[in-house]
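Here the structure comes first, spelled out in structure tokens, and everything after it is commentary.
The values are calculated or read from the model by the stated rules, or taken from the named source; none is laboratory data. Small disclaimer: the values here were computed from a predicted structure and weren't measured. So basically every Cβ, Gly included, is an ideal-geometry build from the backbone, and we count neighbours across all protein chains shown. Accessible surface is based on the protein model in full, side chains and every heavy atom, while ligands, DNA and RNA are left aside. Shrake-Rupley method; radii C 1.70, N 1.55, O 1.52, S 1.80 Å.
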Amino acid sequence: EDKVVQSPLSLVVHEGDTVTLNCSYEVTNFRSLLWYKQEKKAPTFLFMLTSSGIEKKSGRLSSILDKKELFSILNITATQTGDSAVYLCAVRDARAQKLVFGQGTRLTINP
Amino acid sequence: NAGVTQTPKFRILKIGQSMTLQCAQDMNHNYMYWYRQDPGMGLKLIYYSVGAGITDKGEVPNGYNVSRSTTEDFPLRLELAAPSQTSVYFCASFRDPETQYFGPGTRLLVL
């Protein structure tokens, strides 16, 4: 059965800190890994990763995929209170085209 | 484009009642999905469809039914509502290789 595990489940840091969120997966037919940010509503897309070792970057956020180790990280530098959210990792199954989600990491940034 | 729309936004059901959650997209996406998200948890796939007339079960299909008679619409039917179905329901769609677009969600409370 396909599985996505995120860690930590919860993280509280101070504004300005750098955080690293982890996502490991077991998927039979891997197509892509996606990161979403969710604040009290629907998830919003951050990154899609398909190739190992190629960093995707958007402002203070970056992400990278290791297909050999079945692992991805999401980095946020110089965190701001607006970064407080649940961050979801999901893996797309190539055969069924469905997304399997992890349980999410709840990130809280204190001023 | 309206994107992915869901109705209703919020509903209270009594145990044993039935209802249909509506989902529509105007992006001509083939793939559509229904997820549920329980408090503090990630998204669990209920049903998905790869095109009109084709549906398949996800991780948690029990207690639900779907149909896909058109590309645009993908309603989710709850028969005999139970308290365990209290959740937030998200509909999503995508057309390969784009990422998934989520609807705003339907919050369902079964009492």
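Peptide A:39-48 is shielded by partner chain Cβ atoms: per residue, an average of 4 of them sit within 10 Å of its Cβ.
Share of carbon and sulfur in the accessible area of the protein assembly as shown stands at 51%, probe radius 1.4 Å. Over what distance in Å are the Cα centres of region B:46-111 and region A:34-55 separated? Cα centres, region B:46-111 to region A:34-55: 21 Å. For the chain pair B and A, the buried solvent-accessible surface (1.4 Å probe, both sides summed) amounts to about 1500 Å².
Extending 7 Å from Cα along the Cβ direction at B:Arg107 and again at A:Asp93 yields two label points whose distance is 3.1 nm.
Net charge dipole, the protein assembly as shown: roughly 340 debye, given to the nearest 20, about the Cα centre with Cβ charges of +1 for Lys and Arg and -1 for Asp and Glu.
Specify which residue in the list B:Gly103, A:Leu61, A:Thr44 is farthest towards the positive end of the charge dipole of the protein assembly as shown, using unit charges on the beta carbon of Lys, Arg (+1) and Asp, Glu (-1), about the Cα centre. My answer, from the dipole projection, is B:Gly103.
Using the Cβ-Cβ distance between B:Met27 and A:His14 with R0 = 41 Å, the FRET efficiency computed as 1/(1 + (r/R0)^6) comes to roughly 0.50.
Applying the criteria of a DSSP loop state and at most 13 other Cβ atoms within 10 Å to the trypsin sites (Lys or Arg not before Pro) of region A:1-48 yields A:Lys40, A:Lys41. Under a model in which nothing but the beta-carbon of Lys, Arg (+1) and Asp, Glu (-1) is charged, chain A shows a dipole of about 360 debye around its Cα centre. Counted residue by residue at 0.36 nm each, then reduced by the alpha carbon distance between them, the extension gain from A:Glu69 to A:Thr28 reaches 13.4 nm. Accessible surface for region A:3-111, divided over its residues, is 47 Å² per residue with a 1.4 Å probe. Sequence gap of 8 or more, or different chains, plus Cα separation below 28 Å: how many lysine pairs satisfy both in chain A? Value for chain A: 27. Working from label points 7 Å from Cα in the Cα-to-Cβ sense, the B:Thr20 to A:Phe45 distance is 2.9 nm.
Counting only protein chain heavy atoms and rolling a 1.4 Å probe, the accessible areas of A:Asp17, A:Asp93, A:Asp2 rank, largest first, as A:Asp17, A:Asp2, A:Asp93. Projecting the Cα atoms of A:Val12, B:Phe90, A:Ser32 onto the charge dipole of the protein assembly as shown (Cβ charges, centred on the Cα centre) puts B:Phe90 farthest toward the positive pole. For region A:47-61, the Karplus equation 6.51 cos²θ - 1.76 cosθ + 1.60, evaluated at θ = phi - 60°, returns couplings of 9, 10, 10, 10, 10, 5, x, 9, 7, 9, 9, 8, x, 8, 9 Hz by residue, with Gly and Pro reported as x.
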